[in-house]
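Coordinate-derived values only; no laboratory data. In this text the structure is predicted, and so the values were computed from the model without any measurement. No Cβ is skipped: glycine too gets one built from the backbone with ideal geometry, and neighbour counts run over all protein chains shown.
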Amino acid sequence: MTTTFLSEAAERLRLSVARIVSGERANGLGAAIAWRSGLFVTSAHVVTSPRVHVMTPDGRTVPGEVVARDVHRDVAIVRVPGARMPVVQTADPATLRPGSLVFAVGHPFGVVDAVSAGVFQAVGWLPSGLELSKERLRWVQADVRLGPGNSGGPLADSEGRVIGVSAMILAGLALAVPSTDVDAMLAGV
């Protein structure tokens with residue numbers, strides 16, 4: 001695989017990633033992924049208000065509404081009918097082999113559309129003592145650098161297909177909600 005191939009996949013994915021503003025704050029706090037027409041996915045901890053604004057890659061600011069939020073899973077679904085952005089392609093993260101190249105797109109520390117690459121580790125449960133909720137939740141685990149502003153953005157395979165929604169760093173690994181879990185949540189919206 002050449003770096004040109006990866007940069008082209010990242011450029012395509014950037015067109016489906018917006019900044020999201022929640023509540024009174026005036027700048028993009030995290031990322032939001034155009035998952036389906038009019039529906040965006042982000043991290044629950046990014047949207048603290050039912051009313052949000054999505055800042056599209058072409059510079060528009062479009063109002064949206066949080067229609068589902070799961071704080072245990074750290075996922076929120078936002079309806080933004082006026083955003084008109086291309087939707088992402090997804091892939092099941094369980095089909096990746098450990099060591100596969102992955103990358104994240106987001107806005108860490110206010111740097112818009114930053115890309116960070118690394119390797120896929122696993123899809124699984126966290127070791128005892130590291131669990132983040134009382135429920136046992138599966139996470140995509142990857143050695144990818146994330147920072148404030150990556151939350152809610154895509155973790156993608158080398159072809160640019162979204163395998164998870166970036167949530168946090170824990171014990172040096174990036175954790176993302178598996179795309180299959182997000183699809184299950186969207187089925188109820």
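Looking only at GluC sites (Glu not before Pro) in DSSP loops with at most 11 other Cβ atoms within 10 Å, what is the longest site-free stretch of the chain? Display every interim value, and only then the final one.
Working: sites that count: Glu24, Glu135.
Formally, the longest exposed-site-free interval is 25-134.
Please check the chain for the longest run free of trypsin sites (Lys or Arg not before Pro) that are loop-located per DSSP (anything but H, G, I, E, B) and have at most 10 other Cβ atoms within 10 Å. Please list the in-between numbers first.
Numbers: sites that count: Lys134, Arg136.
In the chain, the maximal stretch lacking such sites is 1-133.
Using a ≥ b ≥ c from the Cα gyration tensor of the chain (square roots of the eigenvalues), is it rounded, prolate or oblate, where a/c under 1.5 gives rounded and otherwise the larger of a/b and b/c decides, a/b for prolate?
Numbers: a/c = 1.57, a/b = 1.18, b/c = 1.33.
In terms of gyration-tensor shape, oblate.
Can you tell me the alpha carbon radius of gyration of the stretch 1-90 divided by the globular rule-of-thumb value 2.2 N^0.38 Å? Each step should come with its number before you reach the end.
Numbers: Rg = 13.3 Å, N = 90, 2.2 N^0.38 = 12.2 Å.
After normalising by residue count via 2.2 N^0.38 Å, the value is 1.09.
Sum up the charges of everything whose Cβ sits under 11 Å from the Cβ of Val140, counting Lys and Arg as +1 and Asp and Glu as -1, but leave Val140 out.
-2
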